[in-house]
1. Could you state, as a whole-number percent, how many of the C-alpha pairs of the range 2-265 are farther apart than 21 Å?
2. Using Cβ contacts closer than 10 Å as the measure, can you line up THR223, THR41 from fewest to most?
3. So how do HIS133, HIS184 line up by other beta-carbon neighbours within 10 Å, fewest first?
4. Pop the C-beta distance of ARG246 and LYS89 into the FRET formula with R0 = 30 Å and round what comes out to the nearest 0.05.
5. How far is the Cα center of the range 52-130 from the Cα center of the range 175-248, in Å?
6. Among ASN132, ASN100, ASN20, determine the one that fluctuates most according to a GNM of the chain built with springs between C-alpha atoms less than 10 Å apart.
7. Which is farthest toward the positive dipole end of the chain among MET104, VAL44, GLY168, measuring Cα position about the Cα centre, with Cβ charges +1 (Lys, Arg) and -1 (Asp, Glu)?
8. Could you give me the ³J(HN,Hα) list for the range 34-44, computed from phi with Karplus coefficients 6.51, -1.76, 1.60 and θ = phi - 60°, whole Hz, x at Gly and Pro?
Amino acid sequence: MFGAILGDMIGAPYEFDRGNKTKDFPLFGPGSVFTDDSVMTIAVAEALMDKAGSSDEDVKKALVFSMQKWGRKYPYAGYGGMFRRWLKKKDPQPYGSFGNGSAMRVSAAGWLYDTIEETRRYARLSAEVTHNHPEGIRGAEAAASAIFMGRSGSSKEEIRDYIIREFGYDLSRSCDEIRPEYHHVETCQETVPEAVTAFMEGKDFEDVIRTAVSLGGDCDTLTCIAGGMAEAFYGVPEDMKEECRRRLPEDILKVLDRFETCKREGQPSGVEVQNDD
């Protein structure tokens, strides 16, 4: 989860097109703080760890409980209007969203399971409690799949081919082609492909982060998604992990440390994906 949280923090000062679309910027500054992306990433991770091996219905109940708990604990983290209202409801129901929130919070699902089928199942469940529109589910499954494949030894080409084949995203544009006209948009269908492309073009973890931020738009969320993929493929430099930890409160660090232990204990041996060629 370090990759996702760092992406959120580093992208936060440049959200709402406040950057100048360059890769040359300070990685950390006073505005490099965690937002709703990190809070919900932690909430989903906690629920998935608590309900390992449970039924889909029990997992969903745990997701709702955890997301409401953490959302109420950090009520001013920057939630969208519909989700903010969902957090306050006594009987919250999914509301057909295809916003990028489902993809920004899903990184734990990419790490906790032994197969890509399980990964996609839990990614879907994490989306369905709020973002039950097909695009919201697609975005979550795609992001989690890229993380699973990255940590399992797949090449970028294999990841790219799988994302295109399974989810139908158009990954034909380069970041240089995306950047000029890209603007603040909060849908999965206009965030997840751009995050995948930034991951594909980045040469190491930091370069993925800088590339994602340089696209602009909703770049804390875009970089959160890309950062999760980059961590799985490259790992995260220790100095960046330490900087991340310094900017997190104790309760979030407790869940993060628990997750890191689970992650180390559950590495898959590899991934096989069907190739139709």
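Every number in this text was worked out from the coordinates using simple rules, so none of it is lab data. Keep in mind that what you see is a predicted model, and the values were worked out from it rather than measured. Every residue, glycine among them, receives a Cβ derived from its backbone with ideal geometry; neighbour counts consider all protein chains shown.
1. Values: 18108 of 34716 pairs.
Summing the P(r) tail past 21 Å for the range 2-265 gives 52 percent.
2. On the way: THR223 34, THR41 28.
The most exposed by this proxy come first: THR41, THR223.
3. On the way: HIS133 20, HIS184 14.
Result, fewest neighbours first: HIS184, HIS133.
4. Values: r = 35 Å, r/R0 = 1.16.
It comes out at approximately 0.30.
5. So the two Cα centres are separated by 21 Å.
6. ASN20
7. So the residue furthest toward the plus end is VAL44.
8. Working through the residues one at a time gives 6, 10, 4, 4, 5, 4, 6, 4, 5, 4, 5 Hz.
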